[in-house]
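The values are calculated or read from the model by the stated rules, or taken from the named source; none is laboratory data. Small disclaimer: the values here were computed from a predicted structure and weren't measured. Just the protein is used for accessible areas: all its heavy atoms, side chains included, with ligands, DNA and RNA removed. Shrake-Rupley method; radii C 1.70, N 1.55, O 1.52, S 1.80 Å.
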Amino acid sequence: MRHALRATPPLRAGRALWALAAALLLTALSGCAGGGAAELTARPRPQPLTAAAVSVPRDGKLSIALSSFSKRPGLEGQVSGDATADARGGGELALRVQGGGAAEATLQLGHAFSNETDRQVELDLSVRFALTLSTTLDPAAVEGDATMNARLFVRDGANRLLRAIDVTGFAATQGSLKRSARDSQQLTLTLGPGQSAQVFLGIDAAADTLRSDRSASLTVTISDFAIDATTRPAPGAAGDGR
C-alpha cells in the first residue's frame with residue numbers, strides 16, 4: 001500500500017521567523033535530505049491509533065527524543081558543548097569553539113504512529129514548537145562559522161524516508177544574534193492496515209573555525225514541542241460509509 005502525504009505551507013508567523021538582518025543569511029535547503037538529523041539511530045515503538053484524537057506529550061511521552069554531540073579541537077583551540085533531548089517536549093544544542101575547532105550536534109523530537117485497524121485511515125498531524133537561537137562570533141566571521149538546518153521528517157515502518165519538509169536554516173556571517181519564535185507545520189498521511197509512520201523534527205547544528213583562530217558559539221533550544229494527531233477513515237476505504 002502506498003503512503004500518500006500532503007503538506008500544507010507553514011504558518012505566516014513561521015515563514016517570517018527567520019527574515020533576519022545582515023547577521024543571518026537564510027539558506028535555501030536542497031530537496032534531498034542530508035545531515036545526521038535525517039537518520040534515526042534508534043527504532044521507536046509506534047503508538048497504535050486506537051483513539052480518534054491524541055496529543056503528545058500531553059497523552060504520553062514522545063517516542064522519539066534523540067541527540068548527539070561531537071567535537072574536534074584545533075591545535076590551540078578549545079571546544080565544548082552538549083546536546084539533550086527530552087521526551088516531554090524540549091531539547092537543546094550548545095556548541096562553543098574558542099581559538100579554532102569544530103563541533104557538530106543533532107536533535108530529534110517526534111513520535112511514531114501505527115494503524116492497527118483493518119482499514120485505511122487518514123492521519124492529520126499538527127506539529128508545533130518554540131525555537132530559540134543565539135549565536136556569538138568573534139571576531140568578524142565568515143559564512144559557515146556557525147550553521148543550523150531544521151526539517152520535519154517522515155519515515156515509514158521500514159525506516160525509509162518518505163518526506164523532508166524545510167522548516168528553517170541559516171549560515172551566520174558576523175556579530176551576535178538572538179531570536180525566539182513559534183512555528184507550526186501541518187501534514188496528512190494515509191496509512192493502510194498495519195502500516196506505521198515516524199514523524200520528527202530534526203535539527204543539525206555546527207560551529208567550524210578549524211581553518212582559523214576565530215571563536216564561535218551557537219545555542220538552539222526547542223520547547224513546547226507537541227504533535228496533535230487526528231484520525232479519520234480514508235476516502236473510499238471500507239467502513240467509511242461510502
Determine the share of region 75-220's accessible area contributed by carbon and sulfur atoms, expressed in whole percent, with a 1.4 angstrom probe.
-> 42 percent
Which ³J(HN,Hα) values, rounded to whole Hz and listed in residue order, are derived for region 89-106 from phi using the Karplus coefficients 6.51, -1.76 and 1.60 in 6.51 cos²θ - 1.76 cosθ + 1.60 with θ = phi - 60°, glycine and proline given as x?
-> x, x, x, 8, 10, 10, 10, 9, 10, 10, x, x, x, 9, 9, 9, 8, 10
